[in-house]
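Remarks on the structure that follows.
The values are calculated or read from the model by the stated rules, or taken from the named source; none is laboratory data. Keep in mind the model is a prediction, meaning the values are calculated, not measured. Every residue, glycine as well, gets a Cβ built from its backbone with ideal geometry; the counts of neighbours run over all protein chains shown. Remember, those area values only see protein heavy atoms, side chains included, never the ligands or the DNA or RNA. Shrake-Rupley method; radii C 1.70, N 1.55, O 1.52, S 1.80 Å.
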Amino acid sequence: MTKPLSFGLIGAGWIGTFHAETLASRIPGVRLAAVADPDPQAAARLNAPRTYRDPLELIADTSLDAVAISSPATTHTELVIAAARAGKHVFCEKPMALTLDDADRAIAATDGAGVALQVGFNRRFADDFAAMRNQIAAGAIGTPQMLRSLTRDPGISADVAARVKPWTIFNETLIHDFDTLCWLNPDTRVTQVFAQADALIHPELRDAGFLDTAVVQLRFDNGAFAIAEASFQAVYGYDVRGEVFGSDGVLLAGRSPDGAAPGNTDLFAGAYVAQFAHFADCVRTGTEPSVTGRDARVALDIAIAARESVQTGAPVALDRVLQ
């Protein structure tokens, strides 16, 4: 019998909790062996055999094959690098990094260590989005010409919003849409970004940098246009949709607003599990995951350009060469 893959999880928040349950019971041949979180009670609630307060102690645990990182975004890069240096395969929630230099360091560390690195762009593993991508790759709608991706969260209170870091709407929300749009327009790259964003839900937080509503226009080098939009307050529920209009037709993914879910773990439960099943399979077979650190860097580059566009009020050309 094949030995189960032993995972350690860093970060026992709401998404970390869902990932812990997935690793513990939803994927054959995978076990949750350890959890690290600064709150020992949060870690203990996940019922892992071992718990740590310091994530570096978890990373040093020689019994672990892989590490899943679901801690705050500001910690991701250094934890990816530490895990790679310890010879652990790495699954990292998005964003993998908040600067291009950090993204490059994370990629270099995992490449140098010869370990797998997968980033948590879960929409690629949702059945409807994956089917749309397969149809596009098969030429079902010809050449993509106009694309759209949207994310609308169910709501955010003023006290929670006041603790959210500036530019979260691009770095942690729309970064999903940026990755999705690039993935749905294969073998192309974004050449220009124009973004507008404002605090329409909590205008009193505008000066503190909390922007809760945004629209971003992308231009691809094959001529296609794309729109990514986000709001932190969809009163009817969590709403994620995609559309690709091509020279020979149109494809849609996601539910209508009437079918919106209470939260993202409701809407994408299967996708969250499928991404870890894919990662585990890549670790076992020594193959590269389908969502790489380089993919994460591409999406981050767009997010950084969107921020620059909001600050300047002008389009931003993406002429940086992505490795």
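Listed values, structure above:
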read-out: Helix-only [θ]222 nm of the chain, DSSP H runs n ≥ 4, -39500 (n - 2.57) each, per residue, nearest 500; value: -10000 deg cm²/dmol
read-out: Extended-chain gain in nm, criterion 0.36 nm per residue less alpha-carbon gap, Gln41 and Leu200; value: 53.6 nm
read-out: FRET efficiency for Ala158 and Ser247, using Cβ-Cβ distance with R0 set to 41 Å, rounded to 0.05; value: 0.35
read-out: Qualifying lysines (Cα of each under 30 Å from Cα of Lys165; at least 8 residues distant if same chain); value: Lys88, Lys94
read-out: Cβ-defined net charge surrounding Ala274, 15 Å radius [Lys, Arg +1; Asp, Glu -1]; value: 0
read-out: Cα pair count fraction exceeding 19 Å, expressed as % - segment 21-86; value: 30 percent
read-out: Pairs of alpha carbons in segment 238-321 whose separation is greater than 15 Å (percent); value: 75 percent
read-out: Projected area, mean over directions - segment 29-140, Cα convex hull, nm²; value: 8.9 nm²
read-out: Inverse mean reciprocal Cα-Cα distance (Kirkwood Rh) of the chain, Å; value: 20.1 Å
read-out: Accessible area of the chain divided out per residue, in Å², using a probe of 1.4 angstrom; value: 43 Å²
read-out: Net charge, Gln135 excluded, C-beta distance under 14 Å - Lys, Arg +1, Asp, Glu -1; value: -3
read-out: 3J(HN,Hα) from dihedral phi, segment 149-162, Karplus parametrisation 6.51/-1.76/1.60, rounded to Hz, x for glycine, proline; value: 9, 9, 9, 10, 7, x, x, 9, 6, 5, 5, 5, 4, 5
read-out: Residue among Arg85, Arg133, Arg45 with the largest mean-square fluctuation in a Gaussian network model of the chain, springs linking Cα atoms under 10 Å; value: Arg45
read-out: Amide H contacts of Thr213 (H built 1.01 Å from N, under 5 Å, at least 5 apart or other chain); value: Asp198, Leu200
read-out: Per-pair calculated FRET efficiency, R0 = 30 Å: Ala137 and Glu78 via Cβ, rounded to 0.05; value: 0.25
read-out: Efficiency of FRET between Leu56 and Asp101 - r from beta-carbon atoms, R0 25 angstrom, step 0.05; value: 0.70
read-out: For segment 153-253, alpha-carbon Rg and Dmax in angstrom; value: 15.0, 48
read-out: Share of carbon and sulfur in the accessible heavy-atom surface of the chain [1.4 Å probe, %]; value: 51 percent
read-out: Cut-off 13 Å between beta-carbons: net charge of the residues surrounding Phe225, Lys and Arg +1, Asp and Glu -1; value: 0
